[in-house]
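Asker: Quick one: the structure is below, questions incoming.
Read-outs: derived from the displayed coordinates by stated rules, not from any lab. Note that the structure is predicted; figures quoted are calculated from it, not measured. Cβ sites come from the backbone with ideal geometry, for glycine too, and all protein chains shown count toward neighbours.
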């Protein structure tokens, strides 16, 4: 069995995944296709403006899609026409029933959740690196940048609503796993994930050889994502060869959350997270 679950991102905690596996077919990975329809495609209504990048000269530009083709209908049709697919995306990219109706049929829907006390500081760190460098942003402008990217509820409200929609309309038993459970007991959690989705379990799903290949060679994405793949924020992902417990990872300079805006947002996220946490697989 190929290591087709290697790119599962346990730091990207608002992740929504959809999986369809059929025997004797090749696997295709898609990275955030609905998110690009939301923030970069021709139907975009998002207040978020992608950071200007000279994407045409980035490594991998020749094998990435242009964001101009990323409509919700195009994503849905592309996924439904494929035979063996793993899709990772943000629930907020499908917020609202009009967008949820663009979910492809024939998939098993699974959800990866993470404690908002870890999510919000981590996401703010990511956006501090990814935000525009010119013009320089003052503190108020930085908060507006975070708000435009993360949303008021950090994606957790959207995730719960998507879970409920999927359960009521497509998949009566979506699989939910918590990131802390996954990194502390990867074999147990991944074995349960495989059982729920019909994927044969292999240790290559939790331990893999890092061949050094770039992320853009592993995932189908659009050019706007190429610079994001190379952020320092993704260093652990790029260098990974398995799941590592939090205590095994390098310690940040500070693990305490002191920003009042971040603390306020975490409090708004917790009720939605707790509802999903009660639905999770318990190892």
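Asker: Once the piece of chain linking residue 191 and residue 142 is laid out straight, how much longer is it, given 0.36 nm per residue of separation minus the C-alpha distance between them?
Answerer: 13.5 nm
Asker: Moving to a separate point now. Along Cα→Cβ, 7 Å out, is where each label goes; now give me the distance between the ones at residue 268 and residue 232 in nm to one decimal.
Answerer: Going by the 7 Å Cα→Cβ label model, 2.9 nm.
Asker: Compute the distance in nm between two label points, each set 7 Å from the Cα along the Cα-to-Cβ direction, one at residue 282 and one at residue 164.
Answerer: For the pair residue 282/residue 164, the computed spacing is 2.3 nm.
Asker: Right, something else. Pop the C-beta distance of residue 203 and residue 259 into the FRET formula with R0 = 35 Å and round what comes out to the nearest 0.05.
Answerer: For R0 = 35 Å, the calculated efficiency reads 0.30.
Asker: Full-extension gain between residue 80 and residue 211, please, as 0.36 nm times their residue separation minus the C-alpha to C-alpha distance.
Answerer: Full extension of this stretch gives 44.1 nm more.
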